[in-house]
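Trainee: Below: one structure in structure tokens.
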Amino acid sequence: MDKLLIIDVESTCWQGKIPAGMTSEVIELGYAMLQKGEGVLEWGSFLIPPERSEISPFCTELTTISAQTFVDEADKVVSRQDLLSKLDALVGKHGWLSFKSCTWASWGDYDFKMLCKTFGEHQLNKDHHINIKKQHAAFRGLPKALGMGQALNLEGLVLHGTHHRGGDDAYNIAQIARKALDW
């Protein structure tokens, strides 16, 4: 393995109990392409409009994503149906056949679970997924995995961008992955 697609999702969320009739769903998918020896090649994000929930004030406070974000960043907005095509095009530029065939990673398993909920498990290959959170804990010999911010601090890295925004978090996870994978 000499390259890795880092994925980070942001989802609708609420403080406390999920309101009746709502469900947590992906509203932003961030990515970073990491190549051994070269670091992060590119990063960015796609916004996915919510279909079955509203963005709560708590969610906006945490992620900075609001209904207005979909207007202000309209060039990043894609439908769920188009997102897999966009991911296939993205990984195709870096030599993979499709998103399903690439080696990808995330910080923990939440992102994998949310992508399964969004696309269906048949669209993802869990065997090609690396949990960077667990990988980092093992690399450092930690008894318990850290949060992304704590891991950045431990590695002497500075938080890039806005925490809880997909593209920025994917970039930060990629920086940690370079250390944890000794790239």
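The values are calculated or read from the model by the stated rules, or taken from the named source; none is laboratory data. Bear in mind the structure is a predicted one, so any value in this text is a computation, not a measurement. Cβ sites come from the backbone with ideal geometry, for glycine too, and all protein chains shown count toward neighbours. Areas reflect the complete protein model, heavy atoms only, side chains present, ligands, DNA and RNA absent. Shrake-Rupley method; radii C 1.70, N 1.55, O 1.52, S 1.80 Å.
Trainee: Mind pulling the angle between the C-alpha long axis of helix 80-92 and the longest principal axis of the chain? Nearest 10 degrees, somewhere in 0 to 90.
Mentor: Its long axis makes an angle of about 20 degrees.
Trainee: With all protein chains present, how much of the accessible area of segment 21-96 (probe radius 1.4 Å) comes from carbon and sulfur, to the nearest whole percent? Working shown, then result.
Mentor: On the way: 1840 of 3690 Å².
That share works out to 50 percent.
Trainee: Along the charge dipole of the chain, pointing to its positive end and built from +1/-1 on Cβ of Lys, Arg, Asp and Glu, which listed residue (Trp104, Ile18, Ser79) has its Cα farthest out?
Mentor: Trp104
Trainee: Please compute the modelled spin-label separation between Asp127 and Leu154, points set 7 Å along Cα→Cβ, answer in nm with one decimal.
Mentor: My value for the distance between the label points is 3.0 nm.
Trainee: Whenever you get a sec, line up His129, His136, His160 from highest to lowest accessible area (probe 1.4 Å, protein heavy atoms).
Mentor: On the way: His129 30, His136 0, His160 65 Å².
Sorted descending by solvent-accessible area, the residues read His160, His129, His136.
Trainee: Per residue, how much accessible area does the chain show when a 1.4 Å probe rolls over the protein heavy atoms, in square angstrom?
Mentor: Accessible area per residue, the chain: 49 Å².
Trainee: Compute the long axis of helix 110-119 from its Cα atoms, compare it with the longest principal axis of the Cα atoms of the chain, and write down the angle in degrees, 0 to 90, nearest 10.
Mentor: Here the helix axis deviates by roughly 50 degrees.
Trainee: Remind me, what semi-axes does segment 1-116 give for its equivalent ellipsoid, largest first in whole Å, using sqrt of 5 times each Cα gyration tensor eigenvalue? List each step's numbers first, then the result.
Mentor: Details: eigenvalues 149, 43, 35 Å².
Taking √(5λ) for each eigenvalue gives 27, 15, 13 Å, largest first.
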